[in-house]
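Written out below as structure tokens is the structure these notes cover.
The numbers here are math on the coordinates, done by the rules we state, and not lab data. Treat the numbers as computed from the prediction; the structure is a model and nothing was measured. Quick reminder, even Gly has a Cβ in these numbers, built from the backbone with ideal geometry, and neighbours come from all protein chains shown.
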């Protein structure tokens, strides 16, 4: 009789631990989907500062307290690196000081494009960049 009780206890414990692990894994996956992705601008060719973040749906890029120098033809890129050899163009820089929003094109692989770059087209140089983490 004692052996049967011990066996039932062991089975019950294994089932409840397995269920808890599944719940824990689901919670961890949900948290990673809702993690905030953000970064801080650093200067490259010109002083650049501010914060960058993605909205929860990862469809809008936000620039907060952004500041950089004025220049000819400044664009905002999502890029695989600071040199902007492989990038998604988010459009003209909307301003050199303030808070701005940019729509991210559908099907953009944000796991691949981890850098936000203020790119000067005329001089082929980055004014500043932020890494999304």
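Brief remarks on what is shown
- Convex hull of the stretch 38-131 built on C-alpha atoms - directionally averaged projected area, nm²: 5.1 nm²
- Each Cα pair under 8 Å and six or more residues apart adds its sequence gap; the mean of these over the residue count of the stretch 38-131 is a relative contact order of 35 percent.
- Among 118, 82, sorting on how many other beta-carbon atoms sit within 10 Å of each Cβ, with the fewest leading, yields 82, 118.
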